[in-house]
1. Tell me the helices (runs of 4 or more DSSP H) entirely within segment B:15-77 that contain at least 3 residues that are more than 14 Å from every other protein chain (Cβ to nearest Cβ), within 24 Å of the chain's Cα centre (by Cα) and closer than 21 Å to residue B:101 by Cα.
2. Considering only segment B:136-168, state which residues are charged (D, E, K, R), farther than 11 Å from residue B:126 by Cβ and under 23 Å from the mean Cα position of the chain (by Cα).
3. So, of the residues in segment B:1-14 that are within 9 Å of DNA strand D (Cβ to nearest atom) and part of a helix (DSSP H, G or I), which turns out to be nearest to the other protein chains (Cβ to nearest Cβ)?
4. Can you name every residue in segment A:138-153 that is farther than 23 Å from residue B:154 by Cβ and assigned to a helix (DSSP H, G or I)?
5. Just to be sure, is residue B:144 touching a helix residue (DSSP H, G or I) at 6+ places or on another chain (Cβ under 7 Å) and free of Cβ contacts under 8 Å to residues at least 12 places away in the same chain?
6. Out of the residues in segment A:96-117 that are charged (D, E, K, R) and more than 13 Å from chain B (Cβ to nearest Cβ), which is surrounded by the most Cβ atoms within 10 Å (Cβ to Cβ)?
7. If you check residue A:133 against the conditions, is it out of contact with any Gly (no Cβ under 8 Å at 6 or more places or on another chain) and at the interface with chain B (Cβ under 8 Å from one of its Cβ atoms)?
8. Could you figure out which of (1) more than 8 Å from chain A (Cβ to nearest Cβ); (2) of a type in the set (D, E, K, R); (3) crowded, with 16+ Cβ neighbours inside 10 Å isn't true of residue B:167?
Number of protein chains: 2
Amino acid sequence: MAPQNMKQTIKSVAIDLFSRKGYFATSISEIARGSGIQKASIYYHYESKEDLLFHILKTTMDDLIAYVRRSIQDVTDVETRMRRAVRSHVHFHLERQKENFISNSELRGITPEHYQMIVDKRDEYERIFQDLIREGAEAGVFLTKDIKIVSYAILTICTAGAAWYNDQGRLSIDRIAMIYEDFIIDGLKGKHRFPPE
Amino acid sequence: MAPQNMKQTIKSVAIDLFSRKGYFATSISEIARGSGIQKASIYYHYESKEDLLFHILKTTMDDLIAYVRRSIQDVTDVETRMRRAVRSHVHFHLERQKENFISNSELRGITPEHYQMIVDKRDEYERIFQDLIREGAEAGVFLTKDIKIVSYAILTICTAGAAWYNDQGRLSIDRIAMIYEDFIIDGLKGKHRFPPE
DNA sequence: TTCAACCTAACGACCGGTCGGTAGTTCCCA
DNA sequence: TGGGAACTACCGACCGGTCGTTAGGTTGAA
């Protein structure tokens, strides 16, 4: 195994195990076995088990934010921007299913400082969608809703996909993204029976 | 502590700890400490740590199914039925936040046999919503969508609420339920830009 | 000769679970 | 009415095993 790759190998083995068994249920020995080295050697590449988890969470969040930002940067029409954002959100989550699943279930494994860093990144990410909802509402394209709640709804619909999506399954990532896109845009445009007071 | 209550005490302490720290990160000793007894005494009430988790998951699922079924049983109009189902789903998840959070994150802690039992119950529950979507589509009230995907979308929107809902927060359970209700019904009624092939 | 990249061996802490035991209560039957 | 068996609800001590982590040694390429 080439030297520069071992750090990556450990990371991808950890991603696989953390997503399948969970962070606490996965031992350093297992990660080492999967990587073809002794468990003590893990500590040459990562400071601790928590450091390994944090690395996974951090790079996933950074990549996600960059990915979605890029997908909407040169579009002005707000409905299209939202469609693009939803689509790229879905794509990212289904293509990097395991990492995203970890990001949404293993937050409790990291230290308070690291936790704050990840939460800050997540807030930054959510703001992309919240701004789009606000933009659309101000333009009269979407009907004003509770922006926070609706943004959570949008994100969790797609994020949850990472929990059940099966790449051998009936539907392609594209197809799923389209269904979500339609559902969300209709939800955003629909009038409410219970208007905000 | 009255004798009959200790089993319940242990259970509710476990619910609190499992939801806050996770199943694997919680030790029997901690549960015992929280319950005011020695850890050996836990084993008088529950066979094992896994048995305790399974008990929590099972009763939560049973209660959930019964609760939602009851809420729609004497209503015939399909939109109203869906609205009721969504509303009771949200209510149940936010009122019994911790248990539901565990139900959606600690499935990996149980044995294969128990896992199958819980998954069967969850399938049964999802079928309630899938039948409603089908009903509504056949009646022409909803536009036909991919029933499975859309049912997952509906359920996860609300379920995710259990992860972030704060009973000290800005919004009441009722208010959140209404927002979701509107969003979902609009999503179900909207026409699709990407029709199923 | 240096140094990155690994190794073996061991550490203390803690894990879930079991053991024998023991107050206190209930119940049966002579 | 009384005595003992059985049962409930708990305890303290302990088990083998695994955990994350560290100290220190080895290897091979540059």
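Read-outs: derived from the displayed coordinates by stated rules, not from any lab. All figures in this text were calculated on a predicted structure; none of them were measured in a lab. Neighbour counts run over all protein chains shown; Cβ positions are idealised from the backbone, glycine included.
1. Values: elements: B:28-35, B:39-45, B:49-72.
Result: B:49-72.
2. Just the residues of segment B:136-168 that are charged (D, E, K, R), to begin with: B:138, B:145-146, B:148, B:167.
Checking the rest, the ones that are also farther than 11 Å from residue B:126 by Cβ come to B:138, B:145-146, B:167.
Across segment B:136-168, the qualifying residues are B:146, B:167.
3. In the first step, residues of segment B:1-14 are kept if they are within 9 Å of DNA strand D (Cβ to nearest atom); the result is B:1-7, B:9-10.
Narrowing the set further to residues that are part of a helix (DSSP H, G or I) leaves B:3-7, B:9-10.
On the way: B:3: 33, B:4: 33, B:5: 29, B:6: 27, B:7: 26, B:9: 24, B:10: 21 Å.
Selected residue: B:10.
4. Step one: of segment A:138-153, the residues farther than 23 Å from residue B:154 by Cβ are A:138-141.
Once the filter is applied, which keeps residues that are farther than 23 Å from residue B:154 by Cβ and assigned to a helix (DSSP H, G or I), segment A:138-153 yields only A:138.
5. Values: touching a helix residue (DSSP H, G or I) at 6+ places or on another chain (Cβ under 7 Å): yes; free of Cβ contacts under 8 Å to residues at least 12 places away in the same chain: no.
In short, no.
6. Among those residues, the one meeting the criterion is A:99.
7. Working: out of contact with any Gly (no Cβ under 8 Å at 6 or more places or on another chain): yes; at the interface with chain B (Cβ under 8 Å from one of its Cβ atoms): no.
Criteria not met by residue A:133.
8. (3)
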